[in-house]
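Heads up, the thing below is written out as structure tokens.
The values are calculated or read from the model by the stated rules, or taken from the named source; none is laboratory data. Everything quoted here is computed from the prediction, not taken from an experiment. As a convention, Cβ positions derive from the backbone with ideal geometry for all residues, glycine included, and neighbour counts pool all protein chains shown.
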Ligand SMILES: [Zn+2]
């Protein structure tokens, strides 16, 4: 059986386990649920589940990655949860990128609540999807 959410393996076992731990314990639980639901949809639609490539970052890792000062990936004591996660796009057809973003925002956002932010971008480490729970709705 293919899981709806998978974790990057290319950075080695330790990083894989870190992603697993962060997904289970530190990612905002709403983000965890949304990731699984979207991964199920992606598997149905494209035959590829969601492969998560990044969840938390220390401040030093965030600086090295070129992240914003207030990045939703930051894993810091002042924040109860990590609000952002990245996932892979290379297994999807290029034409699917916009649909992945619009499907996710279409399900979870409405005029009253801009609940989730999803983009496909390249922040320096290659193109990927970035999703985060908007922290104003914490
Ligand atoms: Zn990101």
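Only one of these is within 13 Å of the ligand (Cβ to nearest atom) and either surrounded by fewer than 15 Cβ atoms within 10 Å (Cβ to Cβ) or modelled with pLDDT under 95 (or both): 56, 66. Name it. Talk me through it step by step, then tell me what you get.
On the way: 56 fails: either surrounded by fewer than 15 Cβ atoms within 10 Å (Cβ to Cβ) or modelled with pLDDT under 95 (or both).
When all the criteria are applied, what remains is 66.
For the range 12-24, what are the residues that are surrounded by fewer than 18 Cβ atoms within 10 Å (Cβ to Cβ) and touching a helix residue (DSSP H, G or I) at 6+ places or on another chain (Cβ under 9 Å)?
24 - this is the single residue of the range 12-24 that is surrounded by fewer than 18 Cβ atoms within 10 Å (Cβ to Cβ) and touching a helix residue (DSSP H, G or I) at 6+ places or on another chain (Cβ under 9 Å).
Residue 2 versus (1) assigned to a loop (DSSP other than H, G, I, E, B); (2) farther than 22 Å from residue 123 by Cβ; (3) out of contact with any helix residue (DSSP H, G or I) (no Cβ under 9 Å at 6 or more places or on another chain): which is the lone unmet condition?
Of everything listed in (1) assigned to a loop (DSSP other than H, G, I, E, B); (2) farther than 22 Å from residue 123 by Cβ; (3) out of contact with any helix residue (DSSP H, G or I) (no Cβ under 9 Å at 6 or more places or on another chain), residue 2 misses just condition (3).
Mind telling me which of the residues 90, 32, 40 ends up being surrounded by 15 or more Cβ atoms within 10 Å (Cβ to Cβ) and out of contact with any helix residue (DSSP H, G or I) (no Cβ under 8 Å at 6 or more places or on another chain)? Give the derivation first.
Details: 90 fails: surrounded by 15 or more Cβ atoms within 10 Å (Cβ to Cβ); 32 fails: out of contact with any helix residue (DSSP H, G or I) (no Cβ under 8 Å at 6 or more places or on another chain).
So the residue among 90, 32, 40 that is surrounded by 15 or more Cβ atoms within 10 Å (Cβ to Cβ) and out of contact with any helix residue (DSSP H, G or I) (no Cβ under 8 Å at 6 or more places or on another chain) is 40.
Applying the selection to the range 110-132, what residues are within 14 Å of residue 38 (Cα to Cα) and either free of Cβ contacts under 8 Å to residues at least 12 places away in the same chain or more than 12 Å from the ligand (Cβ to nearest atom) (or both)?
Within the range 110-132, 116 is the sole residue that qualifies.
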